[in-house]
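The values are calculated or read from the model by the stated rules, or taken from the named source; none is laboratory data. In this text the structure is predicted, and so the values were computed from the model without any measurement. Positions of Cβ are generated from backbone atoms using ideal geometry, with glycine treated the same way; all protein chains shown enter the neighbour counts. Side chains are part of the model used for accessible areas, which takes the heavy atoms of the whole protein and leaves out ligands, DNA and RNA. Shrake-Rupley method; radii C 1.70, N 1.55, O 1.52, S 1.80 Å.
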Amino acid sequence: QVQLVESGGGLVQAGESLSLSCQVSGFRITPMAAGWYRQPPGKQRELVATISGGGTTNYADSVKGRFTISRDNAKNSVYLQMNNLKPEDTADYYCTVGTFSGATYHPTAKWGQGTQVTVSS
């Protein structure tokens, strides 16, 4: 059974850091790409970071320089290090695995339950 389980969310103050983890089970993430999405309260979901099977990373402009996506293929896991958090980073965060078509990331249909991040000012 394919499962993606996110963890590491919480309540922090602006300027602090959080590290999100995503444990994947049921299939090997190698050599697939992976990505983190977020959905702020009352807003649309947005893609914040991706990492290719070869380790190439890309970030949304809003998080560039503050967030770092990484993967540990041996642990079948994907991570999102979030530094200098801002109130506008408040959202539910979801990890995905997927593929790239050119520069466009396409997640698979399987998503985790998400982890909530709240940043107070």
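Worth a mention:
- Cross-link partners for residue 64 among the aspartates and glutamates, with Cα-Cα distance under 15 Å and sequence neighbours closer than 8 places in the same chain left out: 46, 88, 89.
- Split the accessible area of the chain by element, probe 1.4 Å, and carbon with sulfur accounts for 48%.
- Reachable lysines from residue 110, criterion Cα separation under 24 angstrom, eight or more residues apart if same chain: 43, 75
- In the full protein context, the chain carries 51 Å² of accessible surface per residue, based on a 1.4 Å probe and ignoring ligands, DNA and RNA.
- Cα gyration tensor shape of the chain, rounded if a/c is under 1.5, else prolate or oblate by comparing a/b with b/c: prolate
- Computed from label points 7 Å out along Cα-Cβ, the spacing between residue 39 and residue 68 is 3.0 nm.
- Per-residue HN-Hα couplings for segment 104-116 [Karplus 6.51, -1.76, 1.60; θ = phi - 60°; Hz; x = Gly/Pro]: 9, 8, 10, x, 6, 6, 8, 10, x, 7, x, 9, 8
- Taking the Cα centre of the chain as reference, the dipole from Cβ charges on Lys and Arg (+1) and Asp and Glu (-1) amounts to some 220 debye.
- When only alpha carbons are used to place a centre, segment 15-49 and segment 59-104 end up 5 Å from one another.
- Segment 1-69: C-alpha gyration tensor shape, a/c 1.5 cut-off, then a/b vs b/c: prolate
- In this rough spin-label picture, where each label sits 7 Å from Cα along the Cβ direction, the residue 23-residue 106 distance is 3.1 nm.
- Of 41, 112, 15, farthest towards positive along the dipole that unit charges on Lys, Arg, Asp, Glu beta carbons give the chain: 112
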